[in-house]
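The structure appears right after this line, and notes come after that.
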Amino acid sequence: MARPLPLNDQALEIVARRFAVLAEPMRLRLIQALFDGEMNVTGLVEATGGTQANISRHLQTLIAAHVLARRKEGLQVFYRISDPTIPKLCELVCGSLEKSLTRQAGHFSPGR
């Protein structure tokens, strides 16, 4: 596998801020809820179990970080994933975590 080129300090700061935005479980729940397409706040409240105020705050953070985008349709606002790398990143991290947990479960299963 080719090794990526080293990033300068400014680029590393941007990457660190992106990971900081994603380091919040509710934001990850919101992103996960949007994997299948756009949703409004009411749908996101139902999908994540959060409060409207809390979800709205997290949505604004994700929009400011260019992870999500929004569009208005009448009085409704719909949110979607705007960065196509986000589902890929989640798949990579979750897939790696799942493999690790499966190995651990096999290692510690009864009768071994």
Using alpha carbon centroids, what distance separates the stretch 8-67 and the stretch 72-97, in Å? 8
With each label point set 7 Å from Cα along the Cα-Cβ vector, what nm distance links Cys90 and His66? 2.0
Can you list residues whose amide H is under 5 Å from Asn40's amide H, if they're 5+ apart or on another chain and H is modeled 1.01 Å from N? Tyr79
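By count of other Cβ within 10 Å, fewest leading, how are Met39, Met26 ordered?
Values: Met39 18, Met26 15.
With the sparsest Cβ surroundings first, the list reads Met26, Met39.
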Could you pull out the longest piece of the chain with no exposed loop chymotrypsin sites (Phe, Trp or Tyr not before Pro) in it, calling a site exposed if DSSP puts it outside H, G, I, E, B and it has at most 12 other Cβ atoms within 10 Å? 36-107
Can you list which of the DSSP-assigned H helices in the chain have a Cα extent of 15 Å or more along the long axis and an average Kyte-Doolittle score of at least 0.5? 9-22
Only one of the values (i) 59, 43, 21; (ii) 34, 29, 24; (iii) 45, 32, 25 was calculated from this structure for Cα extents along the principal axes in Å; name its label. (i)
In debye, nearest 20: dipole of the chain around its Cα centre with unit charges on the Cβ of K, R (+) and D, E (-)? 180
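For a quick check: sort Ser82, Ser100 by the number of other beta carbons within 10 angstrom, fewest at the front. Intermediate results must be reported in sequence, preceding the final value.
Values: Ser82 15, Ser100 10.
Fewest-to-most ranking of Ser82, Ser100: Ser100, Ser82.
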With runs of 4+ DSSP H residues as the only contributors, calculate the mean residue ellipticity of the chain at 222 nm using -39,500 (n - 2.57) per run, divided by the residue total and rounded to the nearest 500. -19000 deg cm²/dmol
Between Asp9 and Phe35, what length in nm is gained on full extension when 0.36 nm per residue of separation is reduced by their alpha carbon distance? 6.2 nm
Go through Leu28, Gly50, His66 and say which Cα lies farthest out towards the positive end of the charge dipole of the chain; charges sit on Cβ, +1 for Lys and Arg, -1 for Asp and Glu. Leu28
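Where a number appears in this text, it was derived from the coordinates with a stated rule and is not lab data. Worth saying up front: this structure is predicted, and the values here are computed from it rather than measured. Glycine gets a Cβ as well: all are built from the backbone with ideal geometry, and neighbour counts include every protein chain shown.
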